[in-house]
1. Using Cα pairs under 8 angstrom and six or more residues apart, how large is the relative contact order of segment 52-144, in percent?
2. Using only helices, what value at 222 nm comes out for the chain when you add -39,500 (n - 2.57) per DSSP H run of length 4 or more and divide by the total residues, to the nearest 500 deg cm²/dmol?
3. To test your reading of the geometry: what angle, between 0 and 90 degrees and rounded to tens, separates the Cα axis of helix 11-29 from the longest principal axis of the chain?
4. Of all the accessible heavy-atom surface of segment 122-223, with the other protein chains kept in place and a 1.4 Å probe, what percent is carbon and sulfur?
5. Could you pull the accessible area for Cys9 with a 1.4 Å probe, rounded to 10 Å²?
6. So, with a 1.4 angstrom probe, what is the percent of accessible area on segment 30-77 that is carbon and sulfur?
7. Which shape class, rounded, prolate or oblate, goes with segment 129-229 when its Cα gyration tensor gives a ≥ b ≥ c as root eigenvalues, a/c under 1.5 marks rounded, and past that a/b bigger than b/c marks prolate?
8. If exposed GluC sites (Glu not before Pro) are those in a DSSP loop with at most 16 other Cβ within 10 Å, what is the longest stretch of the chain that has none?
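The values are calculated or read from the model by the stated rules, or taken from the named source; none is laboratory data. The shown structure was predicted, so the numbers you read here are calculated from the model rather than taken from an experiment. Because the Cβ atoms are built from the backbone with ideal geometry, glycine has one as well, and the counts that use them run over all protein chains shown. Quick note on the areas: whole protein, heavy atoms, side chains included, nothing else; ligands and nucleic acids left out. Shrake-Rupley method; radii C 1.70, N 1.55, O 1.52, S 1.80 Å.
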Amino acid sequence: MLHIGIVACSAEGAALCYRTIALEGAQMLGRHDHPEVSLHCHSLARYMKCVDAGDWAGVAGLMLSSAEKLARAGADFLICPDNTIHQAFDLVEHRSPRPWLHIAREVAGEAQRRQFKRLAVLGTRYLMEGPVYREALQAVGIERRIPGPEQRERINQIIFDELVNGQFLPRSQAYHVEVIRALKDEGCDAVALACTEIPLLMTPESSPLPILDSTRILARAALRKAVEG
């Protein structure tokens, strides 16, 4: 089996990704079994200093630093369970010592497989307003919708003040339900949880729309690649 390298950014999302690989690996391979996994993480503070400044080259530098450490640790390919910093992916991919899976492309592929036509996208303000999902969904012919400006700011605040710190509050879940319901009224037929922490807040049972959980979709894609070679 191939060795998975996780380029982490925020702790909660990376932990969920690793945990999914371990638990679902056992379902696929047998009791307690999963592919070899290594993880490297620069601090979220270092990433956010670059993101807030619009310094995507700086973000790419941090990602490549992790990629090089993971390659030395023996990783055969890389994943990043953070949607926002994929905005630097084009600056990383051709310079990387190992190939990558792209989180938004994996989500878009799953949306296409399930025949969704118009996808609501929730994530950080940078992600919702940026090109990562716009380009990935456009490539497979799926429409994209995002919340309005005030809702984007509130979701962004919840992510950075609560979710990345391991706080998952009922009032914040209720707010996400309200936002998803409004996007359903706009004709969306599914919602991409395109912040790797939102799946820890929202469940399929609580959502007014079918969920595309970016964290677990990426983890499952990595698991398949590792097992199939």
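1. Working: 94 pairs, mean separation 26.1, N = 93.
Answer for segment 52-144 is 28 percent.
2. Working: 10 runs with 117 residues, N = 229.
One gets -15500 deg cm²/dmol as the mean residue ellipticity at 222 nm.
3. The angle comes out near 70 degrees.
4. Values: 1900 of 4180 Å².
Carbon-and-sulfur percentage of accessible area, whole number: 45.
5. 0
6. Working: 1220 of 2440 Å².
Carbon and sulfur atoms account for 50 percent of the accessible area of segment 30-77.
7. oblate
8. Values: sites that count: Glu36, Glu162, Glu186, Glu205.
The reported range is 37-161.
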